[in-house]
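Notes for the one structure printed next.
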Amino acid sequence: MVFSFHVYRKSAPNGKVSVYVGRRDYTDHLTHVDPINGMVWLDRDYVRERRVFAQVVMTYRYGREEDEVMGLTFAKELVIASAQVYPPAPAAAPLTSLQVRLQKKLGTNAFPFHLEMPKNAPASVTLQPGKDETGRPCGVHWELRVYVGDSTEEQPHRRSCVRLLIRRLQYAPAKQGRQPVASCAKEFLLSPGKLHLQVTLDRQIYYHEEGVGIGVGVTNNSNKQVKRVKVSVVQLCDVSLGPSGQIRNTVASIETQEGCPIVPGATLAKTFSLKPKLEYNRDKRGVAIEGRLKSEETCLASSTLFTSLDQRQQFGIVVSYVARVKLILGTLGGELVAEVPFTLMNPPAEEALTAGGRVAHREQDLEESTRLVIEECRRMSVSDQFDTQKSVESQKSVDSLDAGPGSVFGPLTEPTAKPNGAIGKEERAKKNE
């Protein structure tokens with residue numbers, strides 16, 4: 001049996017250092033975080049007496065990059081974990097099967113590294129930018145950095161530094177919580193009786209792309225009428241670092257008059273189903289989405305889980321969801337609102353549920369036959385984009401037939417006249433006609 005290991009590789013701009021990792025997504029299990037294991041290939045003639053370090057860097061951006069002037073930055077960069085790769089230090093953990101296989105393939109210039117991320121740290125979250133915004137988006141970003149230098153305090157040189165974007169994700173727990181319920185009532189001035197509203201969800205944890213079942217119960221013991229009912233799912237982003245505050249975005253909503261008006265003494269019992277999806281909110285600025293690698297599809301950000309409320313300030317951005325029901329009574333009657341919190345996350349990872357026997361099975365069968373599938377990771381820089389645009393424009397200038405002297409796609413000098421001997425056969429035939 002042949003087993004395939006998918007490996008991600010990224011090299012420094014000078015090609016003297018390369019990083020190999022088995023994955024770019026790492027799970028936060030609350031009790032522990034998946035370690036980062038990989039290999040570094042380097043050119044010893046280039047490194048010489050210097051050292052090679054591997055670091056896990058978390059960047060929290062709370063402002064637009066295009067507004068950074070005069071040395072002002074709207075980002076905080078923290079080195080979460082660091083390890084010396086070369087000269088090799090005593091192994092902090094035994095080599096994994098993938099590291100052993102890579103070491104055999106890459107030879108004596110390959111060195112392993114092992115990094116541990118802390119438990120109480122935020123997951124990868126990106127705030128969706130506006131249409132006219134450029135630069136890096138706001139949010140929490142993780143990256144693996146490998147560079148050549150003399151110490152960990154040294155600023156890495158761009159030519160000999162490898163920066164690989166990774167993601168830290170959380171998955172929903174396997175056990176559901178208790179059923180969420182919220183109820184409220186409203187009294188009216190100089191009017192007897194109350195208006196009662198009860199909101200119930202069918203379960204506590206929902207997965208992405210699933211419908212949220214919201215049960216609405218209304219009992220009108222007042223002398224007012226309920227004209228409309230509006231049900232929505234609201235995403236809450238609590239920002240604790242930088243300019244603290246809360247961002248509220250409605251990611252799904254419905255407004256109906258079915259069963260209305262609810263006259264005095266009447267009741268209403270109805271269930272609504274809403275699907276909070278990113279494709280309905282691609283044009284909304286500030287919507288939190290999960291960290292994105294390259295241009296792949298992603299989803300709304302998952303609810304943030306932490307073991308203690310005291311750790312809330314350490315997460316930078318805390319994402320949560322509520323189901324919001326609003327009863328609209330008109331201009332004089334006002335409105336009655338109830339909110340029920342729930343959890344929206346990715347389903348439990350299959351690896352986490354069956355990690356016990358599957359990993360051991362792979363390590364046991366690794367000796368039979370393995371195959372490495374290497375994917376090259378390369379980020380297009382600003383200069384590359386400019387060169388690409390320049391080449392496209394030059395190609396347009398060649399292909400354009402209507403561009404005259406001094407135009408955008410045309411030459412900057414007047415075209416010289418051809419001698420008679422240079423006239424082609426087609427032009428000569430037209431001239432004779």
request  = Determine ³J(HN,Hα), in whole Hz, for all residues of region 263-274 in sequence, where each value follows from phi through the Karplus function 6.51 cos²θ - 1.76 cosθ + 1.60 and θ = phi - 60°; x replaces Gly and Pro.
outcome  = 6, x, x, 9, 10, 9, 10, 8, 10, 10, 10, 10
key: Dipole magnitude of region 113-193 about its Cα centre (Cβ charges: Lys, Arg +1; Asp, Glu -1), debye to nearest 20   = 340
key: Within region 59-135: Cβ-based charge dipole about Cα centre, in debye rounded to nearest 20 (Lys, Arg +1; Asp, Glu -1)   = 640
message = Beyond a 26 Å Cα-Cα separation, which of these cross-linked pairs lie in this structure: K194/K326; K131/K277; K275/K326; K10/K277; K16/K104?
response = K10/K277
key: Residues H6 and V337, FRET efficiency given R0 of 51 Å [Cβ-Cβ distance, rounded to 0.05]   = 0.60
ask   = Once Lys and Arg get +1 and Asp and Glu get -1 on their Cβ, which of Q84, I36, Y20 lies farthest toward the positive end of the dipole of region 17-84?
value = Q84
request  = Please calculate the 1.4 Å probe accessible area of T343, with all protein chains present, and give it to the nearest 10 Å².
outcome  = 20
Area of T307 that stays accessible when all protein chains are in place (1.4 Å probe, Å², to 10) = 90
note = Going residue by residue through region 75-91, the Karplus relation 6.51 cos²θ - 1.76 cosθ + 1.60 with θ = phi - 60° gives ³J(HN,Hα) values, rounded to whole Hz and with x marking Gly or Pro, of 8, 10, 10, 10, 8, 7, 9, 8, 8, 8, 8, 9, x, x, 8, x, 4
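The values are calculated or read from the model by the stated rules, or taken from the named source; none is laboratory data. Only a predicted model underlies this, so the values are computations on that prediction, with no experimental measurement involved. Every residue, glycine as well, gets a Cβ built from its backbone with ideal geometry; the counts of neighbours run over all protein chains shown. Note: accessible area is taken over every heavy atom of the protein model, side chains too, but ligands, DNA and RNA are not part of it. Shrake-Rupley method; radii C 1.70, N 1.55, O 1.52, S 1.80 Å.
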